[in-house]
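These notes concern the structure reproduced below.
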Amino acid sequence: MGMVASMCTEPIKRHRVERDLDGKVADALRERTRSRQRTFRSVNSITMRLPRFKEGLRDVKNIFDQYDEDSDGTIDSEELQSFGSRVRVHMSEEEMSNLHRYCDIDSRKGVQFQEFVVLLCLAYLLFGPDVTRRVSEFESGKLNYVFDELIDAYIFFDKDGDGMLRRRDVTHRMNEASHQERTPSHITAQLFKEMDLNRNGKVNLKEFLYSMIRWAGLGTEDDGSDEASP
Ligand SMILES: [Ca+2]
Ligand SMILES: [Ca+2]
Ligand SMILES: [Ca+2]
C-alpha cells in the first residue's frame, strides 16, 4: 500500500476502532449495571471518595513504575513486551493494538501513565480480573478496587444506563444532589465540556477516566513534585 493510500485509510481505521470499542465498552457497562449492586447513590458519595480515588491511582502509578524500568515516564516497546504479554492474555495481538490505539490520546509512542490506567481499566472491564492478576500478582486487589470504583462512578452518572454519558445524564444526576439547590446549568455544561475531549457531545468511559486522572492531579508524569528526578 502506498504512502498516500495508508494516510487515507488510517483515520478510517481509527474511526472504526473507536466505534467498535465504544460499543464493546458500553455493552460491558450495561451488563455490569444489570449484574451488580450499585456502589454510588449520590454525587456526594462520589465526591467523598475522591481522596480514595487519588490513593488508588497512586497504587496504579507504583505498578506503572515497575514496568517503566528506565523511569522515563513511558513504557516503551521493549518494556511493553512484558506488560503487553500479560495484558494480552485474552486478546489477539490485533485486539491489543486496537485497544492501545483507542487509549492513545497524545500520539506519543509507548504507554504513558494515563494510558496505562485507561488501558488496564478497560481491559479489566472487558476481560475481568484475570488481567489485573497477570499484571501484578500481589497488587491486583488494589487495581481491582480502584477500577471498580472508577467504573461504578461512571455508571452512576450514566442515569439512563445505556453505557454512554450524555449531557442530560449528568444534568439529572447533578440535580439530584441537592433538593434545595439545583446545580446551575452552566456548571454542568462546563463540567461536561471538560470531560468531552473529542467534543462529540458524548463522554465515553475512556474520556471520563482521563478526566478523573487529571482531577486527581496525576495527569502527567511531571505533576508530582515528589517524584524523584534522575
Ligand atoms: Ca520507559
Ligand atoms: Ca447514557
Ligand atoms: Ca466524547
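Things to note:
Here is a yes/no grid of residues against (1) over 14 Å from the mean Cα position of the chain (by Cα); (2) among the polar types (S, T, N, Q); (3) away from ligand 3 (no atom under 16 Å from the Cβ):
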position	(1), (2), (3)
L119	no, no, yes
V131	yes, no, yes
V135	yes, no, yes
A153	no, no, yes
R168	yes, no, no
N175	yes, yes, yes
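- Within the stretch 1-27, residues that are farther than 23 Å from D196 by Cβ have Cβ atoms under 7 Å from residues that are at pLDDT 85 or above and surrounded by 14 or more Cβ atoms within 10 Å (Cβ to Cβ) in no pair, counting only partners at least 6 apart in sequence or on another chain.
- Listed by first and then second residue, the pairs linking a residue in the stretch 62-87 that is part of a helix (DSSP H, G or I) to a residue that is small (G, A, S) and away from ligand 2 (no atom under 16 Å from the Cβ), with Cβ atoms under 6 Å apart and 6 or more places separating them unless they lie on different chains, are I63/S136; V87/A123.
- From the options T39, T9, residue that is exposed (fewer than 13 other Cβ atoms within 10 Å of the Cβ) and away from ligand 2 (no atom under 16 Å from the Cβ): T9
- For E137, the criteria (1) within 16 Å of ligand 2 (Cβ to nearest atom); (2) without any contact (Cβ under 8 Å) to a residue 12 or more places away in the chain; (3) charged (D, E, K, R) hold in every case but one, which is (1).
The values are calculated or read from the model by the stated rules, or taken from the named source; none is laboratory data. Computed from a prediction, not measured in an experiment: that's the story for all the values here. All Cβ positions, even for glycine, are placed from backbone atoms using ideal geometry, and neighbour counts span all protein chains on display.
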